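Only one structure is covered here, and it is reproduced in the block below.
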Amino acid sequence: MSVFCGDRHSAIAPAKINLTLRVLGRRADGYHDLESVVAKVTLYDGIDLVSEDDPAIQIECTNPAVPTDTQNTIWRAIELLSNRAGPLPPMRVQLHKRIPLGAGLGGGSSDAAAVLMLLSRRLDGRVSDSDLAHIAAEVGSDVCCFLQPHTVYISGRGEIVRPVELPWRGWAVLVFPPFGVSTAAVYAAWQANGSAPDRDAEICLKDTCNTAEKLDEVLFNDLENSVFAVEPRMREAREHVEDVAQQRFHVTGSGSTLFACLDSHEQAEQLKQRIDLLSGLKSLVTRVITSEDNK
Ligand code: C5P
């Protein structure tokens, strides 16, 4: 979602959760082929592009732990876009970071996608949708899934994206263990025989998967064992929160965020209260963004 106001262009960049995640195998280029249903949730970074005189890329961020140089996904997105489309209007990027880092929520990827979409609108057709998708894939495997506003099915290394309709409309309670997990380390630890064979990543799209209880039966993440191997505190955190909350929790992406699916806002708030009272872990109630949201 984006807003234009004078010399300021603003957007919000949502977090994602992987409802299913199947790893098919390691590729010759070092990446892994995946299949995943990815939902967006109502936890957002805020992005402002402010007009400037200085043509150098400038990024400011509310979280000092976020690199504001070439390491930043936004920097790479701007650089690749200007390589493709020619000089961009000089601007300063203000990033209001709310999505935790190293959390499997795709914050950096979502920020890059939001900036690409904002800028492409200002370029009046100088970049096609397919150019934008190529640039997004070059910035990172997860960036393409954020070029679509709602739930998507992704494949390849994450760059092949198809919008899908989730039969379930509900709430996700996110729990944030107090550490991040390295995505590269988790993929490096993945072993083919550690995954259950031939699970269907699209299973949560079946009409019958329309309640949180049914989703809990079918959701899976083939990276889970590697996450627990790389960061044993993740297994402990999940056992702890499941124990005190009496609720099933899933790992999103390569961790470290855990999420639970609930059918109503009331149930989600009650769960958060239990977590706050009993677990010592931070949590947040979010809603899964659907195609109804932008109507
Ligand atoms: O593409 P991105 O830079 O976001 O990926 C971070 C790291 O995660 C990659 O360097 C790679 O080690 C791993 N990865 C992977 N297969 C994918 C996506 C990411 O191995 N499909």
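The values are calculated or read from the model by the stated rules, or taken from the named source; none is laboratory data. Source: prediction; values computed, not measured. We place every Cβ from the backbone using ideal geometry, glycine too, and count neighbours over all the protein chains shown.
Any idea how many residues of the range 161-196 are touching a residue at least 60 places away in the same chain (Cβ under 8 Å), small (Gly, Ala, Ser) and away from the ligand (no atom under 16 Å from the Cβ)?
Adding up the residues that qualify gives 2.
Output the qualifying pairs, or none if there are none: Cβ atoms under 8 angstrom, residues six or more apart or on different chains, first residue in the range 249-263 and over 17 Å from residue 274 (Cβ atoms), second residue among the hydroxyl-bearing types (Ser, Thr, Tyr).
Listed pairs, sorted by first residue: 251/257; 253/183; 254/182; 254/183; 254/187; 254/226.
Pick from 217, 266: which is farther than 22 Å from residue 35 by Cα, without any contact (Cβ under 8 Å) to a residue 24 or more places away in the chain and either out of contact with any Phe, Trp or Tyr (no Cβ under 6 Å at 6 or more places or on another chain) or away from the ligand (no atom under 16 Å from the Cβ) (or both)?
The match here is 266.
All but one of (1) more than 26 Å from residue 44 (Cα to Cα); (2) at pLDDT below 95 hold for residue 293; which doesn't?
Result: residue 293 passes all but (1).
Quick check: anything in the range 224-233 of a type outside the set (Asp, Glu) and free of Cβ contacts under 8 Å to residues at least 12 places away in the same chain?
Yes, the conditions are met somewhere in the range 224-233.
Every residue, every condition in (1) surrounded by fewer than 16 Cβ atoms within 10 Å (Cβ to Cβ); (2) in contact (Cβ under 8 Å) with a residue 60 or more places away in the chain, yes or no:
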site	(1), (2)
37	no, yes
44	no, no
49	no, yes
56	yes, no
86	yes, no
93	no, no
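State all residues of the range 7-36 that are in a strand (DSSP E or B), over 19 Å from residue 225 (Cα atoms) and more than 13 Å from the ligand (Cβ to nearest atom); if no residue qualifies, say none.
If the condition is that a residue be in a strand (DSSP E or B), over 19 Å from residue 225 (Cα atoms) and more than 13 Å from the ligand (Cβ to nearest atom), then 8, 9, 10, 11, 12, 13, 14, 15 are the ones that fit.
Being surrounded by fewer than 20 Cβ atoms within 10 Å (Cβ to Cβ) and within 11 Å of the ligand (Cβ to nearest atom) is the filter; apply it to the range 142-158 and report the residue that is farthest from residue 27 (Cα to Cα).
The residue in question is 155.
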